[in-house]
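Each remark here refers to the structure printed beneath this line.
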Amino acid sequence: MRHGDIHPEGPEVLLIEDDDETRRAIVRDLRARGYHLVEAPDGRTALERWAARRPAVVLLDLGLPDVDGLQVVRHIRREATTPIVILSGRYEEREKVDALDSGADDYVTKPFGVDELDARLRAVLRRAAGPAADRTGRIVAGSLVLDVARYEVLVGERRVDLTPREFEILHVLLSHAGRLVTKARLLRAVWGTAYQDEDSYVYVHVSQLRRKLAAADPDGSLRELIVTEPGVGYRIREPTPTAGPDRGTIDGSKVDPSS
Ligand code: CA
């Protein structure tokens with residue numbers, strides 16, 4: 001397995017917390033729940049990791065040693081809609097409200113239990129799945145299911161191992177099913193604004209994504225799922241329903257259980 005690239009676990013969480021003990025405890029608890037953790041002990045490191053990783057969700061302590069946590073919220077919000085959950089101290093009411101006003105999605109108040117934190121993270125991830133997803137955060141296209149909250153892609157029963165970039169590309173495309181997504185838009189959403197002109201990134205990752213989906217899809221129903229619009233971008237084609245086995249006559253009559 002290519003270390004640092006493949007998601008061996010669940011959604012990637014960027015945990016920004018300067019208190020070592022608290023950070024270690026959260027890392028341990030969330031790993032046990034299947035999350036993949038990326039840690040940052042200060043704001044500067046946090047923004048570096050954010051740029052490099054584009055995590056699925058950000059967990060942010062507001063009281064950081066170098067920069068104001070609010071600046072971190074604003075920076076991320078300028079670039080992406082990635083959910084942000086605030087780790088708030090009991091006496092940071094004001095800071096918490098400011099962070100929510102600046103675009104943070106939710107908060108937990110210290111001390112909190114892992115059950116509560118896990119539930120908040122699942123909830124913001126489900127919401128972040130967007131309007132294309134169902135209530136559990138799943139987007140379905142034919143035999144393909146992208147589960148945002150569980151951070152997995154299934155083709156039929158088979159799990160497809162995608163890198164975080166591939167997962168995000170598929171997520172963005174599926175969220176706009178049927179509509180054109182330009183390469184610049186994909187770059188902004190998946191890599192960030194600094195990469196706006198790196199068209200080749202998109203090409204390479206989309207090719208790889210197609211290969212993996214094709215390999216997981218022996219009956220070929222997902223072939224052409226991702227359609228190239230030459231020179232412009234991509235769109236998801238809704239797969240044509242496969243001609244299923246003849247199911248015979250459909251009997252619509254109700255069965256009376258008392259008979
Ligand atoms: Ca702190």
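Since every read-out is calculated from the coordinates, none of them should be taken as a lab result. None of these values were measured; they are calculated from a predicted model. Cβ placement follows ideal geometry from the backbone for every residue including glycine, while neighbour counts extend to all protein chains displayed.
Observations, loosely collected:
- Amide H partners (placed H, <5 Å) of GLU152, local residues excluded: ASP147
- Qualifying GluC sites (Glu not before Pro) for segment 6-67 [loop in DSSP, other Cβ within 10 Å: at most 16]: GLU9
- Extension gain from TYR203 to ASP134, taking 0.36 nm per residue of separation minus the Cα-Cα distance: 21.9 nm
- Annotation: for a label point projected 7 angstrom from Cα along Cα→Cβ of ALA215, residues of segment 149-171 with backbone N closer than 12 Å are 160-163.
- Across the chain, C-alpha contacts under 8 Å between residues 6 or more apart give a mean separation that, scaled by the residue count, equals a relative contact order of 14 percent.
- LEU47 sits among other residues whose Cβ lies under 13 Å from its own Cβ, and their net charge, with Lys and Arg +1 and Asp and Glu -1, is +2.
- In order along segment 197-202, phi translates into HN-Hα couplings of 9, 8, 3, 5, 4, 4 Hz, rounded to whole numbers, per the Karplus curve 6.51 cos²θ - 1.76 cosθ + 1.60 with θ = phi - 60° and x for Gly and Pro.
- Among the GluC sites (Glu not before Pro) in segment 120-192, those located in a DSSP loop and surrounded by at most 14 other Cβ atoms within 10 Å of their own Cβ are GLU157.
- For the pair ASP106 and ASP161, label points projected 7 Å from Cα toward Cβ lie 3.0 nm apart.
- The slack between THR182 and ARG127, meaning 0.36 nm per residue of separation minus the straight C-alpha distance, is 17.4 nm.
- Exposed-loop-free span, longest in the chain, where trypsin sites (Lys or Arg not before Pro) count as exposed if DSSP calls them loop and at most 12 other C-beta atoms lie within 10 Å: 3-89
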